[in-house]
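The values are calculated or read from the model by the stated rules, or taken from the named source; none is laboratory data. Please read these numbers as outputs of a predicted model, since none were measured by experiment. Methodologically, a virtual Cβ is constructed for each residue, glycine included, from the backbone with ideal geometry; neighbour enumeration extends over all protein chains shown.
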Amino acid sequence: MIATHLPVLQVAVPLIAAPVCVLLRRGNYAWAFTTVVCWGLLAIAALLLDQVMSGGTISYRLGGWVPPIGIEYRLDGVNAFVLLILAGTAALMMPYARETVEREVRPGRQHLFYAIFLLALTGLLGITATGDVFNIYVFLEISSLASYVLIAQGQRRRALTASYQYLIVGTIGASLILIGVGFLYAKTGTLNIADLAVRVPALGETPAVLAAFAFITVGVLIKLALFPFHVWLPNAYAYAPSMVSAFLAATATKVGAYMLLRFVFTVFGIHFAFETLPLTEILLALSLIAVLAGSLVAVFQTDLKRLLAFSSVGQIGYLGVGIGLASVTGVTGALVHVFNHALMKGGLFLAAGAIACRLGATDLSALHGLGRRMPFTMAAVVIGGLGLVGVPITAGFVSKWYLVQAAFEEGLWPVALFVLAGSLIALAYVGRVIEAAYFRAAPPDAEPVREAPWAMQLSTWAMIAGSIYFGLHTDLTVGIAERAAAALLGGAP
Amino acid sequence: MEALTHANYWAAIVLAMIGLYAVIAPSNLIKKLIGLGMFQSAIFLVYITAGKVEGGTAPIIDAAYGVYSNPLPHVLILTAIVVAVSTLAVGLALTVAIKRDYGTVEEDEIDEQDRR
């Protein structure tokens, strides 16, 4: 019986678990409880993906109310895949959480940290699972508000201003989505995504639908942090606690990409977005600037976490390229990159956190000679970094292969060139890290450093090993992503 | 008179623009939050106006009335108001923490301290 209620459990369990964490009072208890919850969520997500892959789209009626009046949770190949990424990232990061939260969060507040972490996870899972556009807005704000609080827990005071800046930009983005949803509702009288997918294309090119499309797309791009809207991202990721940087880098922008796919392909329809309106040109232009500019700025950073944050701006550009090409291969590439980038960037931020935990800093100058002093952590950074470049046998190669292939299919070889140029620039910034850690000797007066605690290494290596595994065994990720992309482009799910 | 029938929408546009300006222009962090609140309120006004049916009453089933305003936008906006209040609370809490750590709530002075 429980199997039929899995879609709602995916979202309700962390929502209910969050106040329980507050009641537990002790950081360690809250950590143990959150760990159990996260692994449970991963199990639910895996079961759901299995159900979707074997039995097709799941439609779950919340409270038994029949859609479109009632709220529906609708799971197809796309969001079941994203749910697995979210739950998997959270579960893999839990061993790491204990060590870093104990060090970075004030003792009286540790149980609250886990409560808010669970709320952020609830919001992200909710956005992904729901089939109702207003629900998307509400869950978006749940996850955003929780992220602002998590980012503000950073040890330096700049975390506060970074969080404030994200709050302002993020709220404007979410409000724009709210206006767009309002226009769609006024025009169609429904908030259900499957219902909208039928009624919106029938309306054609009316001003209200055009305005709704503009508001929603810009709002989602702000959350996705695609090029001109990325200003909030570098500071937020650089000054947040290590655990939060890694979690948000691996999940928050991925959910932004999911929202873009859902709104553009399912709600508005591929014909409206790409033939009536020039979304391909706009997305490709912004994404290619993001790839080049984000990666170039990353080369000149002096701090490892900021370098990784700007690299994220560039990598988000690859997602935009795949979505903008609007072909099955392109969207497959974007979805695979969502998965692979979550593993690689999650692992890299975890490694950066492990370095911060032992050195107290992540300046590149502090990294001198670290290849010998923290060999395992630095090896993880190197492998993750090579993944960002897109070296074969790493996962990053697979996604870029599909993106380049999609560009050639459309006859857009300059796009393929830009993607490859982005990889070369990535080689430059990864090279700077490697040079600092392996080819510079540690200063003679350097204090001895121990390797990071084993629990932190466990999480880091789980993510990094995953990025190698899925670089070699592409059937699973590419298979799921291809089916999901075909479903998205084939019209309503 | 065409414009007057849409007076609420014009008011919402003016409010939203004033709100956005107030988010961007001042360097005082609290004033920015006030602007943000205005921007959100303008959106609420759009929803509520769209739900109004001319000559309609409150949506309570009674034999004497046949025309009701659409209650759904009201419910949606109740939720959105809660979100806006929470956002304001988190924003003000951050501002308090910023004032404690930086000794100021003026953005230009904070930037100056960060650059040092």
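Out of A:I177, A:I151, which single residue is surrounded by 24 or more Cβ atoms within 10 Å (Cβ to Cβ), within 12 Å of chain B (Cβ to nearest Cβ) and touching a Ser or Thr at 6+ places or on another chain (Cβ under 7 Å)?
On the way: A:I177 fails: touching a Ser or Thr at 6+ places or on another chain (Cβ under 7 Å).
Unique residue meeting the criteria: A:I151.
Here are some residues: A:I142, A:I116, A:I168. Which one is aliphatic (A, V, I, L, M), more than 9 Å from chain B (Cβ to nearest Cβ) and in contact with a helix residue (DSSP H, G or I) (Cβ under 7 Å, 6 or more places away or on another chain)?
Details: A:I142 fails: more than 9 Å from chain B (Cβ to nearest Cβ); A:I168 fails: more than 9 Å from chain B (Cβ to nearest Cβ).
Checking each option against the conditions leaves just A:I116.
List the helices (runs of 4 or more DSSP H) inside segment B:11-116, counting only whole elements, that have at least 3 residues being within 14 Å of the chain's Cα centre (by Cα) and within 8 Å of another protein chain (Cβ to nearest Cβ). First the steps, then the outcome.
Values: elements: B:29-51, B:71-102, B:107-115.
The qualifying helices (runs of 4 or more DSSP H) are B:29-51, B:71-102.
So A:T377 ticks every box in (1) under 22 Å from the mean Cα position of the chain (by Cα); (2) surrounded by 21 or more Cβ atoms within 10 Å (Cβ to Cβ); (3) not hydrophobic (A, V, I, L, M, F, W, C) but one. Which box is left unticked?
In the conditions (1) under 22 Å from the mean Cα position of the chain (by Cα); (2) surrounded by 21 or more Cβ atoms within 10 Å (Cβ to Cβ); (3) not hydrophobic (A, V, I, L, M, F, W, C), A:T377 misses (1) alone.
For residues that are more than 10 Å from every other protein chain (Cβ to nearest Cβ), within 25 Å of A:G189 (Cα to Cα) and outside any loop (DSSP other than H, G, I, E, B), tally how many sit in segment A:124-134.
Taking segment A:124-134 first, the residues more than 10 Å from every other protein chain (Cβ to nearest Cβ) are A:124-133.
Adding the requirement that they be within 25 Å of A:G189 (Cα to Cα) leaves A:126-133.
Checking which are outside any loop (DSSP other than H, G, I, E, B) leaves us with A:126-130, A:132-133.
Counting residues in segment A:124-134 that are more than 10 Å from every other protein chain (Cβ to nearest Cβ), within 25 Å of A:G189 (Cα to Cα) and outside any loop (DSSP other than H, G, I, E, B) gives 7.
Could you tell me whether A:A186 is away from every other protein chain (no Cβ under 11 Å) and either among the β-branched types (V, I, T) or surrounded by fewer than 24 Cβ atoms within 10 Å (Cβ to Cβ) (or both)? Don't jump to the end; show me each part of the working.
Numbers: away from every other protein chain (no Cβ under 11 Å): no; either among the β-branched types (V, I, T) or surrounded by fewer than 24 Cβ atoms within 10 Å (Cβ to Cβ) (or both): yes.
Judged against the criteria, A:A186 is not a match.
Looking at this structure, is B:I48 modelled with pLDDT of 95 or more and surrounded by 11 or more Cβ atoms within 10 Å (Cβ to Cβ)?
Details: modelled with pLDDT of 95 or more: no; surrounded by 11 or more Cβ atoms within 10 Å (Cβ to Cβ): yes.
Answer is no for this residue.
Within the bounds of segment A:338-351, is there any residue that is of a type outside the set (D, E), surrounded by fewer than 24 Cβ atoms within 10 Å (Cβ to Cβ) and not in a loop (DSSP other than H, G, I, E, B)? If you could, list the steps in order and put the result at the bottom.
Step one: list which residues in segment A:338-351 are of a type outside the set (D, E), which gives A:338-351.
Retained after the next criterion (residues that are surrounded by fewer than 24 Cβ atoms within 10 Å (Cβ to Cβ)): none.
No, there is no match, as no residue in segment A:338-351 is of a type outside the set (D, E), surrounded by fewer than 24 Cβ atoms within 10 Å (Cβ to Cβ) and not in a loop (DSSP other than H, G, I, E, B).
When segment A:369-418 is examined, which residues are found to be among the β-branched types (V, I, T), farther than 30 Å from A:A442 by Cβ and assigned to a helix (DSSP H, G or I)?
The initial filter retains those residues of segment A:369-418 that are among the β-branched types (V, I, T), namely A:377, A:381-383, A:389, A:391, A:393-394, A:398, A:404, A:415.
With farther than 30 Å from A:A442 by Cβ added as a condition, the list becomes A:393, A:398, A:404, A:415.
Within segment A:369-418, A:V398, A:V404, A:V415 meet the criteria.
Looking only at segment A:266-323, which residues are among the polar types (S, T, N, Q) and assigned to a loop (DSSP other than H, G, I, E, B)? It would help to see each step written out before you state the result.
Initially, segment A:266-323 is screened for residues among the polar types (S, T, N, Q), giving A:266, A:276, A:280, A:287, A:295, A:301-302, A:311-312, A:315.
Passing the criteria: A:Q301, A:T302.
One line per residue, one yes/no per condition, for (1) buried (at least 20 other Cβ atoms within 10 Å of the Cβ); (2) of a type in the set (S, T, Y); (3) within 26 Å of A:T477 (Cα to Cα):
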position: A:A356; (1), (2), (3): yes, no, no
position: A:A406; (1), (2), (3): yes, no, yes
position: A:P444; (1), (2), (3): no, no, no
position: A:W454; (1), (2), (3): no, no, no
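Are any of the residues in segment A:248-257 of a type outside the set (K, R) and on the phi > 0 side of the Ramachandran plot? Lay out the reasoning, then the answer.
If we filter segment A:248-257 for residues that are of a type outside the set (K, R), which is where we start, we get A:248-253, A:255-257.
Of the ones still in play, those that are also on the phi > 0 side of the Ramachandran plot are none.
Checked against the condition, which is being of a type outside the set (K, R) and on the phi > 0 side of the Ramachandran plot, segment A:248-257 yields no hits at all.
Restricting the search to segment A:269-281, which residues are closer than 29 Å to A:A80 by Cβ and either of a type in the set (S, T, N, Q) or under 23 Å from the mean Cα position of the chain (by Cα) (or both)?
Result: A:L279, A:T280.
If only one of A:S59, A:S54 is more than 14 Å from every other protein chain (Cβ to nearest Cβ), touching an Asp or Glu at 6+ places or on another chain (Cβ under 9 Å), farther than 25 Å from A:T171 by Cα and not aromatic (F, W, Y), which one is it? Before you say what the answer is, go through the steps one by one.
Values: A:S54 fails: touching an Asp or Glu at 6+ places or on another chain (Cβ under 9 Å).
Unique residue meeting the criteria: A:S59.
Could you check how many residues of segment A:324-367 are within 22 Å of the chain's Cα centre (by Cα) and among the polar types (S, T, N, Q)? Lay out the reasoning, then the answer.
Just the residues of segment A:324-367 that are within 22 Å of the chain's Cα centre (by Cα), to begin with: A:324-354.
This time we only want the ones that are among the polar types (S, T, N, Q), so: A:327, A:329, A:332, A:340.
Of the residues in segment A:324-367, 4 are within 22 Å of the chain's Cα centre (by Cα) and among the polar types (S, T, N, Q).
Against the condition at pLDDT below 95, of a type outside the set (F, W, Y) and under 22 Å from the mean Cα position of the chain (by Cα), how does A:A197 come out, does it pass?
On the way: at pLDDT below 95: yes; of a type outside the set (F, W, Y): yes; under 22 Å from the mean Cα position of the chain (by Cα): no.
Here the answer is no, as A:A197 does not meet what is asked.
Looking at segment B:30-87 only, could you name the residues that are among the aromatic types (F, W, Y) and touching a residue at least 12 places away in the same chain (Cβ under 8 Å)?
So the first thing to find is which residues in segment B:30-87 are among the aromatic types (F, W, Y), and the list is B:39, B:44, B:47, B:65, B:68.
Within segment B:30-87, B:F39, B:F44, B:Y47, B:Y68 meet the criteria.
Okay, residues lined up against (1) touching a Leu at 6+ places or on another chain (Cβ under 7 Å); (2) among the hydroxyl-bearing types (S, T, Y); (3) more than 29 Å from A:A486 (Cβ to Cβ):
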position	(1), (2), (3)
A:V11	yes, no, no
A:L24	no, no, yes
A:V36	no, no, yes
A:Y60	no, yes, no
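What number goes with the only condition from (1) of a type in the set (S, T, Y); (2) surrounded by fewer than 24 Cβ atoms within 10 Å (Cβ to Cβ); (3) closer than 20 Å to A:T130 by Cα that A:T253 does not pass?
A:T253 satisfies every listed condition except (2).
Could we say that A:A225 is modelled with pLDDT of 90 or more, buried (at least 24 other Cβ atoms within 10 Å of the Cβ), among the small types (G, A, S) and closer than 24 Å to B:V83 by Cα here?
Values: modelled with pLDDT of 90 or more: yes; buried (at least 24 other Cβ atoms within 10 Å of the Cβ): yes; among the small types (G, A, S): yes; closer than 24 Å to B:V83 by Cα: yes.
For A:A225, the condition - modelled with pLDDT of 90 or more, buried (at least 24 other Cβ atoms within 10 Å of the Cβ), among the small types (G, A, S) and closer than 24 Å to B:V83 by Cα - is met.
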